[in-house]
Amino acid sequence: MNESTQAGTPSATVTGMVDHVLALAATWTRWNGEPVHADGRVHTPHKAIRRVTDHLIDHLAEMEARLAGERPQPDYWHASTITTGADLAPFTPQDLDEARSRLTRLARVWAVRLDALTAEQLDDSPGEGWSFRELARHVQESVYYADAVGDLS
């Protein structure tokens, strides 16, 4: 991620993160099947896509609930503490196409929602938790999962 993406609008922060993840994912069809071990966790291409997707879904649901005046539903993801059989599968060109479709659309939902909010809503967000501007910066941190797998070209 570059500094200009991090310093841009909240929507650019999220879409920039997804662009970065997908640029790395484009190299993962070369993955040799050996999981990457980093920070006491196991990382694979499918797991990185799963974690980025889950993180975007979780915090989008939080933001929508808070905007509707509801308490966000608790998060019960197993997150990166588990590695599923699906996480260990080869990462094929079709998987890359699916990841592109999924993450691009999800980033667009985030961008549309964030761009519709006023500066006040971004910085003085309803409900408990991070402001929505901070939430976008937090979601950007899920780039970690893709960076852990790295560029496999």
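The values are calculated or read from the model by the stated rules, or taken from the named source; none is laboratory data. Everything numeric here is computed off the predicted structure, so don't read it as measured data. All Cβ positions, even for glycine, are placed from backbone atoms using ideal geometry, and neighbour counts span all protein chains on display. Heads up: the accessible areas ignore ligands, DNA and RNA and are worked out on the full protein's heavy atoms, side chains in. Shrake-Rupley method; radii C 1.70, N 1.55, O 1.52, S 1.80 Å.
Kindly evaluate THR9 against the criterion of being over 21 Å from VAL149 (Cα atoms) and at pLDDT 95 or above.
On the way: over 21 Å from VAL149 (Cα atoms): yes; at pLDDT 95 or above: yes.
Answer is yes for this residue.
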Answer yes if at least one residue in the stretch 142-152 is within 24 Å of GLY33 (Cβ to Cβ), open to solvent by 60 Å² or more (accessible area, probe 1.4 Å) and assigned to a helix (DSSP H, G or I), and no otherwise. yes
Checked the stretch 131-141 for anything open to solvent by 80 Å² or more (accessible area, probe 1.4 Å) and in a helix (DSSP H, G or I); matches are ARG137
Out of all the residues in the stretch 51-60, which are among the β-branched types (Val, Ile, Thr) and either surrounded by 19 or more Cβ atoms within 10 Å (Cβ to Cβ) or farther than 25 Å from TRP110 by Cα (or both)? VAL52
Listed by first then second residue, the pairs whose first member lies in the stretch 51-72 and is under 12 Å from LEU103 (Cβ atoms) and among the β-branched types (Val, Ile, Thr), whose partner is modelled with pLDDT of 95 or more and open to solvent by 20 Å² or more (accessible area, probe 1.4 Å), with beta carbons under 7 Å and at least 6 positions apart or on separate chains, are VAL52/TYR145; THR53/ARG102; THR53/LEU106
For the subset of the stretch 91-130 comprising residues that are surrounded by 15 or more Cβ atoms within 10 Å (Cβ to Cβ) and polar (S, T, N, Q), which member is nearest to ALA61 (Cα to Cα)? SER125
Name the single residue that is nearest to LEU152 (Cα to Cα) among those in the stretch 73-90 being touching a residue at least 40 places away in the same chain (Cβ under 8 Å) and surrounded by 11 or more Cβ atoms within 10 Å (Cβ to Cβ). PRO90
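Take the residues in the stretch 30-50 that are open to solvent by 50 Å² or more (accessible area, probe 1.4 Å) and of a type outside the set (Gly, Ala, Ser); name whichever of them is nearest to VAL18 (Cα to Cα).
Just the residues of the stretch 30-50 that are open to solvent by 50 Å² or more (accessible area, probe 1.4 Å), to begin with: 30, 32, 34, 37, 39-41, 50.
With the extra rule that they be of a type outside the set (Gly, Ala, Ser), the set shrinks to 30, 32, 34, 37, 39, 41, 50.
Details: ARG30: 20, ASN32: 23, GLU34: 24, HIS37: 22, ASP39: 22, ARG41: 22, ARG50: 13 Å.
Only one residue fits best here, namely ARG50.
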